[in-house]
Amino acid sequence: MIENLPREFTIKQLQRFNFGNIEANDDELLFDSVCETSAIIEFINGSKNIVLGEKGTGKTALFRLIKEEKLKFNPKNGFLNIIIPIEDNFQYKNIKGKILNHISTNSEDENFKYQVVWELFIFHKITQRLEKDGITIPSSITKGINLAKKVFNNNSIDNFIKTKKTLGIKLYDTPTLILPDLYLTTEPIATDENQKEISIEKLEIDLDFYKQEINKYLLEKQLNLILIIDRLDEFVSKTSQQAQLEMLEALIVVEREYSKYSNIEIKIFLRDDLFKQLSFEGIGYDKVISKKVDLKWTPEKIREFIAKRICSNYINLFKLETIKISVDQETLEIDTSIDSHNYVTPNIWTRACRKIIKKLYPLHYNQKFPRKVNLNDNLNKQIILSIFPKYVDYKNEEGKIIEVDIFDYLSENFNLGTGNSIPRLILIFLQKTLSVANNYYIENFDQTSIIQNDQKCFELFKKGFFEEAYSDFKNEIYINFAKLNPEFEGKIMIFKEKIGNRFSFKAKDVKVLLNIKDDNELYHFCEYLLHIGFLKRTNSTSAIDDMKFELPLLFRNTVGKK
């Protein structure tokens, strides 16, 4: 139990309680509640360059933690790491329509043009940062910096070619030209040849040479450059989807090209559903998956996520320096796993023998009878139970209110169709629960404070708060997921209305419900719902009509209370 909390928790303090913001860039508790999952540790160690995760799993939070140096990459060769964060709003439709038309190349691969765009953009970001640091830069690199300045008018990737320039690029030994953007100049180019020669400046950038020079310079100065790129995977309209995929495929190729430079790395943050749609024909899927890491949250890490935010509030509200928790050692040796039906409880004589062995031969005991419960998880559970009840109310599919263990509740009711728990969803629900609690105490103003019980827990949140909060949460999440992509918003809301209490169905049922005539349209819609975790696939048939799906718990409708 927590030993150093005050005996009383006032309602005014509860009103100042805050679980944080769902947007990582606005989350004031982010830095105080870092949860280092195995995936994050693996990424920070430096061996992985592509972070994959569903929406809400913490990609942007991880990006911000690295950007603000709250998490740091292990320094390669003991060199100093320089982080270059890139979070531009990439307008894929503009890139395809306004930029690629001006790139002329001998390469037969159309996607090579996208690689040219990324190479120029990344080169510009690197040269910008080198110049910003005020380090004495050799003339061989300075020339490249000056050339990059002439090409870029600003930092936006889809506006970097709005000047009257013909740009020659040497990249991967493939001659490439970027022609002047005559359509976007403010003044027409005169027909006179002399004036045209003055108006259109001819530039040449040997990107391969400059990248090698920059890498040599970094090696000499004992520096590592790490570019981290986020905001690549915003949901786009159907007309922009192909351009988005082609740009991302090109970026994966460019990331691999940079792997030949010892002191420059590119690290990419990407939604896993988009990653699964990419083609790796040119470089090989096996070479790409060895560089990726998946952000996944176990029930234990979700509990840590909640507990750290509770602790942050305790420290701020009660002006504490730290939280002191006592642990009963014997509780760590009790198997509390859910799947324990095959476990045989030791009889009294066996337990007595174990106690004797533990006292006489502690090292042998620890090896023979290892700890059954994670210490960290034990602490997190204690923190959660210091304000939440052990059992909470839950309305099942039949509309009956039942009591469930709070840890089972948190483990099972916030998973998407992929089966993964999503911290963003947990955070939204906690905010809803807090709102229900605050409204309750406003209406019951005679309750001005809550006194600790015998277990030193504050019974701030009643078990009934959870059913009300979850109902409100489900309605909000349904609308949020519907609005992720305007193309499907109407269909998803109609689906909610017509599916009723069913949660298992075939694609042909969706076809009838939504009056979809074309199989391609049906497949596109179902694939999208799978990608965002709205549905779970329950069979493997390739025939569209026979595909079976199931709704996760948080998207299921429930009947009225019986």
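Ordered by the number of other Cβ atoms lying within 10 Å of each residue's own Cβ, fewest first, C353, C311 fall into the sequence C353, C311. Sorted fewest first by neighbouring Cβ atoms within 10 angstrom, W297, W349, W118 come out as W349, W118, W297. Computed from label points 7 Å out along Cα-Cβ, the spacing between E23 and L278 is 2.7 nm. Amide hydrogen proximity for N81: with H placed 1.01 Å from N in the peptide plane, the residues at 5 or more positions away or on another chain lying under 5 Å are N224. Given their separation in residues at 0.36 nm each and the Cα-Cα distance between them, Q212 and E397 gain 60.4 nm when the chain is fully extended. Full extension of the chain between R231 and E3 yields a length gain of 77.8 nm, computed as 0.36 nm times the residue separation minus the alpha carbon distance. Take the alpha carbon gyration tensor of region 485-555, find the square roots of its eigenvalues, order them as a ≥ b ≥ c, and report rounded if a/c is under 1.5; if not, report prolate when a/b exceeds b/c, else oblate. It comes out rounded by the Cα gyration axes.
Within region 298-321, find all residues whose amide N lies under 20 Å from a label point positioned 7 Å from the Cα of I41 along Cα-to-beta-carbon. Within reach of a label on I41, which here means backbone N under 20 Å from a point 7 Å along Cα→Cβ, region 298-321 contributes 298-309.
Values quoted throughout were computed directly from the atomic coordinates according to the rules given, and no laboratory measurement underlies them. Since we're looking at a predicted model, the values are computed, not measured. With ideal geometry, Cβ positions are generated from the backbone for all residues, glycine too; neighbour counts draw on all protein chains shown.
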